[in-house]
1. Tell me which residues, restricted to the range 240-256, are surrounded by fewer than 16 Cβ atoms within 10 Å (Cβ to Cβ) and in a helix (DSSP H, G or I).
2. Just for the range 257-279: of the residues that are assigned to a helix (DSSP H, G or I) and among the acidic types (Asp, Glu), which one is farthest from the chain's Cα centre (by Cα)?
3. Within the bounds of the range 196-211, is there any residue that is over 23 Å from Gln121 (Cβ atoms) and hydroxyl-bearing (Ser, Thr, Tyr)?
4. Within the range 224-239, can you find the residues that are surrounded by 18 or more Cβ atoms within 10 Å (Cβ to Cβ), touching a residue at least 24 places away in the same chain (Cβ under 8 Å) and closer than 22 Å to Gly156 by Cβ?
5. Based on this model, can you work out whether Val211 counts as touching an Asp or Glu at 6+ places or on another chain (Cβ under 8 Å) and either closer than 25 Å to Thr245 by Cα or surrounded by 16 or more Cβ atoms within 10 Å (Cβ to Cβ) (or both)?
6. Looking only at the range 184-223, which residues are free of Cβ contacts under 8 Å to residues at least 24 places away in the same chain and either among the aliphatic types (A, V, I, L, M) or closer than 21 Å to Ser159 by Cα (or both)?
7. For the range 140-222, which fully contained helices (runs of 4 or more DSSP H) count at least 3 residues that are hydroxyl-bearing (Ser, Thr, Tyr)?
8. Please tell me if Gly107 is closer than 30 Å to Val249 by Cβ and over 14 Å from the mean Cα position of the chain (by Cα).
Amino acid sequence: MSFQSPPDPPAWPGAGPSTPVEPNVLHGSPVPGDAAPPPKRRSRAMIVGGIAILAGLIGSVGGKILIGLLAANVAGAALSSVFGGPFDKLPGDVKDGFEKRLETAIGNRLDGKSDSEKEAQVTAWLRSGFSRLNDASLVRHLELEVEGLNKTDVGGCASFGRASIGGQPISSDTSNKIVGALDQLRIAEFLDLNITAIEAELRGSPAAVHVTAAQTSTAFETMIGGLGGPELRTLQNMTSGTSATDAEVCTAIRGLYREALELDPAGKALVARFDVDPG
């Protein structure tokens, strides 16, 4: 099965019914005949170090955006007045559609909880829900994430890179910059995928599929092999505590995700799943 980036959505996804969730199809190891030409060889130490970097890379910005959106919603306030950034760029009917879908899916499950408890619960739903989405949806999520990363300013890109490599949460400000760098249709598409994940989790179907760092090791080796020397050195310096400029960090993190999108379909699906559910 191959994955093609879908064309621009014909209609705003948030305004209609939830996006259909097809059964998960977890691909196995890449088929040799379909693989890209082997990258130039690097030392074993470089590869092992690079895999350690990638295994710690969580990097999904979708969670932060949706948690902010939902926190405003469950608090009973108008989203347009308390949640700026990407959500406010959408037409009113699209925002209404997203709100109604969340209200329908969540019901009274968050009644009586504090704001911190609500955020923790939504985080859990979202993370678990991503594991229920099919490969095509997760690959599209990754593509949109990378598109936003490539379009955002160097400061926001570097902030994303430092947090990701350090295994830290992505700040709301950084998330807003990255998702907000997308056009309206893609912002709606991105948020739609996140809401679909929560709907799937609360519905309890389809079955969750998880991957481990070991399953993605071949794809990770290919990604590391495609990086330039300066990109790889920056990533290694960051993990060892050596300072790096915003420009260096941004170039390195964009390079890492560039290589993810150049993987064969099976490898890309594995990395896209690991990106939102690193285990």
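1. Result: Ser240, Ala247.
2. Glu259
3. Scanning the range 196-211 turns up no residue that is over 23 Å from Gln121 (Cβ atoms) and hydroxyl-bearing (Ser, Thr, Tyr).
4. Leu227, Glu231, Leu235, Met238
5. So Val211 fits the description; yes.
6. Residue satisfying the conditions is Ala214 alone.
7. Here the list reads 172-180.
8. So Gly107 does not fit the description; no.
The values are calculated or read from the model by the stated rules, or taken from the named source; none is laboratory data. Small disclaimer: the values here were computed from a predicted structure and weren't measured. Because the Cβ atoms are built from the backbone with ideal geometry, glycine has one as well, and the counts that use them run over all protein chains shown.
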